[in-house]
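For reference, the structure is listed below as structure tokens.
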Amino acid sequence: MDVLVLIGRILFAALFLASAAGHLTRTRAMAGYAASRGVPLAVPATIGSGLLILVGGLSVLLGIWADLGALLLVVFLVPAAVLMHRFWRERDPQARQGELVHFQKDLALAGASLMLLALIAHAGTDLGLTITGPLFDLR
């Protein structure tokens, strides 16, 4: 089981680490998109969210308080879904569908992050293949 969870952590974290790289290396372009979606202080928000998902993704990947890392990803994903993918405001059916897909994807990833948090916090050090045990104890 340890190896399966490790592979899952690697695959899961890869998405967030790639996204963090985009936030931090293409900040102006990403902030421009965020501003077009009505996000206030788009440049600091882009940098802050990039750092949030970088820390969360690395935490999950490396197994350093991976439960906290999963929680950080939830803190990013839920506001991102609501602020960036407001499908209910789209008039064009194709744009509406695209935003709905992204909204649902972000919420699904938030749900997966919460499950990961629970798994790690419940399993404790029995999970194995982590650098530290969990920060939280849900036993």
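The values are calculated or read from the model by the stated rules, or taken from the named source; none is laboratory data. Note that the structure is predicted; figures quoted are calculated from it, not measured. A quick note on method: Cβ atoms are made from the backbone with ideal geometry, for glycine too, and the neighbour counts reach across all protein chains shown.
Figure legend. Inter-residue proximity from region 30-50: first residues over 11 Å from residue 83 (Cα atoms), second residues not in a helix (DSSP H, G or I), beta-carbon distance below 7 Å, spacing 6+ or different chains. Indicated pairs: 45/39.
Among the numbered conditions (1) part of a helix (DSSP H, G or I); (2) buried (at least 16 other Cβ atoms within 10 Å of the Cβ), the only one that residue 39 does not meet is (1).
If you go through region 88-130 and keep only what is modelled with pLDDT of 95 or more, aliphatic (A, V, I, L, M) and either part of a loop (DSSP other than H, G, I, E, B) or farther than 28 Å from residue 6 by Cβ (or both), you end up with 95, 100, 101. If the condition is being part of a helix (DSSP H, G or I), in contact with a Lys or Arg (Cβ under 8 Å, 6 or more places away or on another chain) and not aliphatic (A, V, I, L, M), then region 77-87 contributes only 87. Residues in region 75-91 that are hydrophobic (A, V, I, L, M, F, W, C), farther than 20 Å from residue 31 by Cβ and loosely packed, with under 15 Cβ neighbours inside 10 Å: 88 only.
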